[in-house]
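Just so it is clear, none of the values below were taken in a lab; they were calculated from the coordinates. Being a predicted model, the structure only gives us computed values, none of them experimental. Here the Cβ positions follow ideal geometry from the backbone for every residue, glycine too, while neighbour counts run over all protein chains shown.
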Amino acid sequence: MNPHQILQHTRHRPSPMPRGPWLMRQTWRDLLFTHWPVDEQEIAPYIPQGLILDTWEGRPWVSVSPFRVNPLRLRGLPPIPFVHEFLELNVRTYVVHDNKPGVLFLTLEASSRLAVAGARIGARLPYHHADMHARKQEDNMIEYSSRRTLKSNEEALFQGMYKAAEEASSFHASPWTLTHWLTERYCLYTCSSKHELFRSDIHHLPWPLYPAVLDLQANTMFQSFGLHHDPKPALQTYTPRLDVLLWPLKKV
């Protein structure tokens, strides 16, 4: 879907469209959404000053999402070699600033070293390089693995197999439901080394979601943050494709 078509659909947004031109467009493919409730005291130290930890029925949530970016394009430029397609896995929680809900990334893992470097410098996001592999089997089951390459005491590993449930239909999350609260967010927040807050607005059509089948074989993404969680996610969905527009960071 081209940017003009995406921009024609705005009524589903919980906030007005951002001002100014978008900077980047991405297509996210074969995305798995997995969600866990976590303890507020454990995650509170990772919330920058100025942001309010958002909760659902009194509990914060953390989500882990593996997917493939293809393509990534900067506005007005041709595809950038070694950056227009790569694997990504992110771990995020949910925050509010000035009554505008958004997401805060605890970490983002990517298979492209150039994408990692560019995002860390240009977007102030906590990207890390990881050894990542994804393969779609004949039955549409996706094998996905990610292991951070940075040497540290804590291993950041995700490994599993997932797909849309058999004969499942696509759906959009209904307003005032947990699924809607987790997915339909249209900005991200980040913090600089000088503790300055920034926001990047995003826009896309409502998430096309499917119930997901998941065989989660390993997940140590929580351990490095000292977060305790159940072995299996409380909620999981699959999205085959989402076209996304992103705006430049702005200080808030």
**Prompt:** What is the pair-distance distribution P(r) of the stretch 22-98, computed from all Cα-Cα distances in 10 Å bins starting at 0, with each bin given as a whole percent?
**Reply:** 16, 34, 28, 20, 2
**Asked** Going toward the positive end of the dipole of the stretch 103-200, with +1 on Lys and Arg Cβ and -1 on Asp and Glu Cβ, which of LEU188, ALA156, PHE171 do you reach last?
**Response** LEU188
**Item:** Student exercise, the chain dipole from Lys, Arg, Asp, Glu Cβ charges, in Debye to nearest 20
**Value:** 1180
**Request:** Report the longest stretch of the chain that contains none of the chymotrypsin sites (Phe, Trp or Tyr not before Pro) sitting in a DSSP loop with at most 12 other Cβ atoms within 10 Å.
**Result:** 83-175
**Item:** Loop-resident sites, the stretch 163-252, for GluC sites (Glu not before Pro), counting at most 12 other Cβ within 10 Å (DSSP)
**Value:** GLU166, GLU167
**Request:** State the answer as a single residue: which of VAL83, GLN223, LEU108 lies farthest towards the positive end of the charge dipole of the stretch 3-251, with beta carbon charges of +1 for Lys and Arg and -1 for Asp and Glu, about the Cα centre.
**Result:** VAL83
**Request:** Could you please rank MET221, MET161, placing first whichever residue has the fewest other Cβ atoms within 10 Å of its Cβ?
**Result:** MET161, MET221
**Request:** Taking the dipole about the Cα centre of the chain, with the C-beta of Lys and Arg at +1 and of Asp and Glu at -1, give me whichever of LEU242, PRO71, ALA44 is farthest to the positive side.
**Result:** PRO71
**Stokes-Einstein translational diffusion, the chain - Kirkwood Rh over all Cα pairs, 1.567 mPa s, 4 °C, in µm²/s** = 70
**Message:** Run lengths n ≥ 4 of DSSP H only: what is the helix-derived mean residue ellipticity at 222 nm for the chain, with -39500 (n - 2.57) per run over all residues, to the nearest 500?
**Reply:** -2500 deg cm²/dmol
**Item:** Distance (nanometres) between label positions extended 7 Å along Cα→Cβ at GLN137 and LEU53
**Value:** 3.8
**Sorted largest first, extent of the stretch 64-154 alpha carbons per principal axis (Å)** = 47, 37, 31
**Asked** Once you sort the root eigenvalues of the Cα gyration tensor of the stretch 141-248 as a ≥ b ≥ c, which label holds: rounded (a/c under 1.5), prolate (a/b larger than b/c) or oblate (the other case)?
**Response** oblate
**Prompt:** Normalised by the number of residues in the chain, what is the relative contact order in percent for Cα pairs under 8 Å and 6+ residues apart?
**Reply:** 25
